1. Suppose the filter is within 15 Å of the ligand (Cβ to nearest atom) and touching a residue at least 24 places away in the same chain (Cβ under 8 Å); does A134 pass it?
2. Taking the options G157, G167, G123, G144, name whichever one is on the phi > 0 side of the Ramachandran plot, in the same structural domain as L252 (by TED's automatic domain parsing) and within 16 Å of the ligand (Cβ to nearest atom).
3. Looking at A161, A126, A213, can you tell me which residue is under 29 Å from G250 (Cα atoms) and touching a Leu at 6+ places or on another chain (Cβ under 8 Å)?
4. Just give me the residues in the range 152-163 being open to solvent by 80 Å² or more (accessible area, probe 1.4 Å) and in contact with a strand residue (DSSP E or B) (Cβ under 6 Å, 6 or more places away or on another chain), in sequence order.
5. Go through (1) in contact with a helix residue (DSSP H, G or I) (Cβ under 8 Å, 6 or more places away or on another chain); (2) of a type in the set (D, E, K, R); (3) within 16 Å of the ligand (Cβ to nearest atom); (4) farther than 18 Å from G296 by Cβ one by one and return the number of the condition E152 breaks.
6. For residues in the range 235-282 being charged (D, E, K, R) and buried (at least 24 other Cβ atoms within 10 Å of the Cβ), which is nearest to the ligand (Cβ to nearest atom)?
7. Tell me whether the range 217-229 contains one or more residues that are basic (K, R), touching an Asp or Glu at 6+ places or on another chain (Cβ under 8 Å) and open to solvent by 30 Å² or more (accessible area, probe 1.4 Å).
8. Which one of these is open to solvent by less than 20 Å² (accessible area, probe 1.4 Å), touching a residue at least 12 places away in the same chain (Cβ under 8 Å) and in a helix (DSSP H, G or I): V193, V202?
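The values are calculated or read from the model by the stated rules, or taken from the named source; none is laboratory data. Values in this document were obtained by computation on a predicted structure and should not be read as measured data. All Cβ positions, even for glycine, are placed from backbone atoms using ideal geometry, and neighbour counts span all protein chains on display. Note: areas computed on protein heavy atoms with side chains; ligands, DNA, RNA excluded. Shrake-Rupley method; radii C 1.70, N 1.55, O 1.52, S 1.80 Å.
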Amino acid sequence: MTSSLSSPSNFSLNADPSEPPPQALLLEEAQLMRVAARPPRIMVCGSGSYIWDHTGVRYLDFVQGWAVNSLGHSPPELTAALLEQASTLVTASPAFHNAPQLRFAGELVRAAGLAQVHFANSGAEANEAALKLARKWGRLHRGGGYEVITTENSFHGRTLALMAASGKPGWDELFPPKMPGFVKVPFGDSAAVAARIRPETVAVMVEPIQGEAGVVVPPDGYLRELRALCDAHDLLLICDEVQTGMGRTGTLFASQHQGVKPDILTLGKGLGGGVPVSAVLANERASCFVPGDQGGTYNGNPLMIAAARSVFAVVSEPAILARVVAAGARLQERLSAACLEHGLGLRGRGLLWALVLPDARAERVASACFSGGLLLNAPRPNLLRLMPSLRVSDLEIDEMVAILERALRN
Ligand code: PLP
């Protein structure tokens with residue numbers, strides 16, 4: 001049963017009577033390029049773990065904008081930072097310094113133990129920059145080497161280069177011709193990486209936990225083995241932490257679970273807590289851009305960086321990371337019981353989890369959850385992914401499990 005509580009601010013989509021009513025507004029869908037199938041609902045406001053649609057229905061949100069709203073919907077820190085920065089300086093052009101960018105560069109680089117950062121607007125843009133760094137570095141230090149080893153089922157973004165880098169099934173056929181320079185090996189298998197290293201290889205690029213593939217956790221030691229291989233063969237290790245970074249798995253960066261420091265680290269999603277900002281960080285060895293190599297109109301703009309700083313001030317605190325671990329343990333315990341009853345698999349870490357269904361009914365279950373007032377994501381036909389706010393409460397976890405169990409029984 002859906003809850004139909006009034007929203008925190010009693011938000012009304014019809015505040016302006018000259019605007020079309022919500023039902024008519026939905027007809028405007030025909031004017032949008034159809035890149036996603038969406039239910040006939042308009043999401044109008046959110047607070048913490050909840051989001052409300054235009055009919056007043058409230059949903060418990062375990063998707064959070066695809067692991068983006070790290071502190072939940074409209075957290076006060078983020079709102080305050082945006083308001084303050086918006087009334088001070090929104091953008092100055094990338095040709096000038098701005099104080100939030102300078103401050104945040106130091107904070108983030110020190111937290112990661114790397115040398116330099118470049119800010120961008122999406123995970124894909126950060127990963128593109130990582131690949132450019134690798135190719136440039138190959139040209140400078142590896143006799144023109146350019147090849148990057150990536151993994152099957154990986155997801156690095158939707159630009160043409162990143163579709164070639166990613167191992168998402170079906171993408172090989174799309175938008176030919178494919179960009180060359182990528183070799184794919186099975187995820188979690190460092191021997192397979194070793195076997196594909198050749199003179200043209202310059203880097204190995206992995207997600208510490210594959211997110212979009214369905215929260216696939218590699219064997220213990222995998223990242224350490226990749227680090228050792230990269231050191232032995234003079235290659236760059238690129239960790240794509242767009243999904244796993246910024247506290248999502250219980251440490252600031254998931255690579256820290258294995259004590260590994262990559263040469264290049266990419267961040268996005270939770271970095272801005274819902275605001276589009278991303279980052280590519282590199283150590284001294286890999287940080288080889290010179291003016292002209294990389295940039296973008298909105299890169300490092302003060303508004304987005306002020307937002308990211310406000311989120312970082314929270315997620316870099318040991319207390320919230322400890323809470324992610326504790327909430328993750330509760331989620332695992334509660335889901336394990338449901339898994340036993342319904343014959344499901346479970347995998348994940350911190351507050352990034354996937355349920356593996358025995359058959360291809362993930363969309364059906366997600367849709368039953370939606371009708372029950374719960375948002376879950378179905379990234380594959382047999383997979384459900386959970387990525388709640390890092391501030392999710394025990395009660396909200398219990399509420400989620402109760403709705404999910406009802407949906408599974410249907
Ligand atoms: N890398 C990883 C690991 C991701 O999960 C995603 C998005 O899901 C991306 C990169 C792309 O990020 P964006 O959609 O912000 O371009």
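1. On the way: within 15 Å of the ligand (Cβ to nearest atom): no; touching a residue at least 24 places away in the same chain (Cβ under 8 Å): yes.
No: the conditions fail for A134.
2. G157
3. Numbers: A161 fails: under 29 Å from G250 (Cα atoms); A213 fails: touching a Leu at 6+ places or on another chain (Cβ under 8 Å).
When all the criteria are applied, what remains is A126.
4. We begin by selecting, within the range 152-163, every residue open to solvent by 80 Å² or more (accessible area, probe 1.4 Å); these are 152, 158, 160.
Result: E152, single match.
5. Condition (1) is where E152 drops out.
6. Of all residues in the range 235-282, those charged (D, E, K, R) come to 240-241, 248, 261, 263, 269.
Remaining after also requiring buried (at least 24 other Cβ atoms within 10 Å of the Cβ): 240-241, 248, 263, 269.
Values: D240: 5, E241: 7, R248: 10, D263: 17, K269: 6 Å.
Only one residue fits best here, namely D240.
7. No, every residue in the range 217-229 fails to be basic (K, R), touching an Asp or Glu at 6+ places or on another chain (Cβ under 8 Å) and open to solvent by 30 Å² or more (accessible area, probe 1.4 Å).
8. Just a single option satisfies the conditions, and that option is V193.
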